[in-house]
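Down below is the structure, laid out as structure tokens.
The values are calculated or read from the model by the stated rules, or taken from the named source; none is laboratory data. Keep in mind it's a predicted model, so treat the numbers as computed, not measured. Here the Cβ positions follow ideal geometry from the backbone for every residue, glycine too, while neighbour counts run over all protein chains shown.
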Amino acid sequence: MNLLSKHETRRRLLLGMPDADMLSSQVAHWFQSPQGEAVLRAEKEAIHRALEKLFGYHILQLGLSEEHSLIEQSPVGHKIIFSPSFRAGSTRAVASNEALPLCSDSIDVVVIHHALDFAANSHRVVREATRVLRPGGHMLIVGFNPYSYWGFWKLFKRKKNIPWRGKFISKGRVSDWLKLLDLHIDSVSYGLHFMPVAMSKLLIHAQSLEKLGNKLHSPLGGAYFIHCIKQSMPVTPILPKWQPLRTRPSVMPATENVRAKIKIH
């Protein structure tokens with residue numbers, strides 16, 4: 001275990017959160033529940049509307065479950081999703097969202113799927129995502145909205161269960177981080193306009209409510225979607241200050257010489 005992994009584990013213990021392996025299993029299990037399936041379906045539709053317009057060579061998803069992808073429909077060819085821990089039979093590389101084994105300025109699109117809600121150090125995740133994103137590249141952030149029915153529901157739920165043990169970081173706070181990292185916010189939208197119920201019978205109308213909330217552009221959705229762009233520093237060429245050439249008074253220009261000879265003859 002490296003130094004960063006030890007620090008991350010210690011921080012998780014202080015925050016009352018499980019280790020990355022256990023948390024990943026809990027999130028993956030929740031996405032298979034009726035509530036998690038409804039959430040994932042709504043988030044996929046929202047993200048797809050943005051991703052279908054973004055192109056490049058490499059796209060990266062940062063999340064808690066490598067089994068549930070939001071980027072499979074992306075037109076970008078090379079798709080990268082790391083596993084948070086080693087799993088028997090898995091072919092994915094293992095990496096922490098807070099220390100990515102990628103070169104700086106190498107990724108065209110980064111999708112952060114609730115990674116900030118469950119990270120030991122959410123700000124570090126944003127910094128790492130910004131580091132690997134190329135100038136002019138696009139970042140899409142999906143996070144739980146604390147100012148929503150879902151955020152209100154969290155107050156009365158056991159904090160050991162998913163998704164209620166998440167941080168639910170506000171859009172305003174995340175926006176401040178993005179501005180400090182020189183990321184321009186292009187747009188903000190909301191999703192999960194249905195009630196945060198767990199029973200499948202009560203989730204029958206989830207898609208209808210989602211369409212209605214999107215049509216009304218309601219800011220009370222349980223999740224926000226932030227689309228931002230990494231600013232590229234403009235290169236201003238430094239032009240040398242050339243001194244104008246001055247002719248010596250004693251030397252007559254060639255044209256004047258010709259004119260003088262014509263006049264003489």
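Criterion first (outside any loop (DSSP other than H, G, I, E, B) and surrounded by fewer than 19 Cβ atoms within 10 Å (Cβ to Cβ)) does Asp105 satisfy it? Criteria not met by Asp105.
For the subset of region 80-102 comprising residues that are touching a Leu at 6+ places or on another chain (Cβ under 8 Å) and in a strand (DSSP E or B), which member is farthest from Ser170 (Cα to Cα)? Result: Ile80. Scanning region 190-228 for residues that are in contact with a strand residue (DSSP E or B) (Cβ under 9 Å, 6 or more places away or on another chain) and either on the phi > 0 side of the Ramachandran plot or assigned to a loop (DSSP other than H, G, I, E, B) (or both) yields Leu192, His217, Ser218, Pro219, Leu220, Gly221, Gly222. Of the residues making up region 168-184, just one is touching a Pro at 6+ places or on another chain (Cβ under 9 Å) and among the hydroxyl-bearing types (Ser, Thr, Tyr), namely Ser170. In region 53-82, what residues are touching a residue at least 24 places away in the same chain (Cβ under 8 Å), farther than 14 Å from Val126 by Cα and not hydrophobic (A, V, I, L, M, F, W, C)? Residues satisfying the conditions are Gly56, Tyr57, His58, Ser65, Glu66, Glu67, His68, Gln73, Ser74, Pro75.
Residue-by-condition table, conditions (1) surrounded by fewer than 17 Cβ atoms within 10 Å (Cβ to Cβ); (2) at pLDDT 95 or above; (3) charged (D, E, K, R); (4) more than 18 Å from the chain's Cα centre (by Cα):
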| residue | (1), (2), (3), (4) |
| --- | --- |
| Asn2 | yes, no, no, yes |
| Glu8 | no, no, yes, yes |
| Leu14 | yes, no, no, yes |
| Val27 | no, no, no, yes |
| Lys53 | yes, no, yes, no |
| Leu60 | no, yes, no, no |
| Glu66 | no, no, yes, no |
| Ser69 | no, no, no, no |
| Gln73 | yes, no, no, no |
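The residue list Lys171, Lys179 contains one member that is free of Cβ contacts under 8 Å to residues at least 40 places away in the same chain and either within 17 Å of the chain's Cα centre (by Cα) or closer than 26 Å to Met22 by Cα (or both), which is Lys179.
The C-beta contact set for region 87-106 (first residue farther than 19 Å from Glu67 by Cβ, second residue surrounded by 15 or more Cβ atoms within 10 Å (Cβ to Cβ) and among the aromatic types (Phe, Trp, Tyr), distance under 9 angstrom, 6+ apart or interchain) comprises Leu100/Phe82; Pro101/Phe82.
Residues in region 115-127 that are within 11 Å of the chain's Cα centre (by Cα) and either within 12 Å of Leu183 (Cβ to Cβ) or crowded, with 24+ Cβ neighbours inside 10 Å (or both): Leu116, Val126, Arg127.
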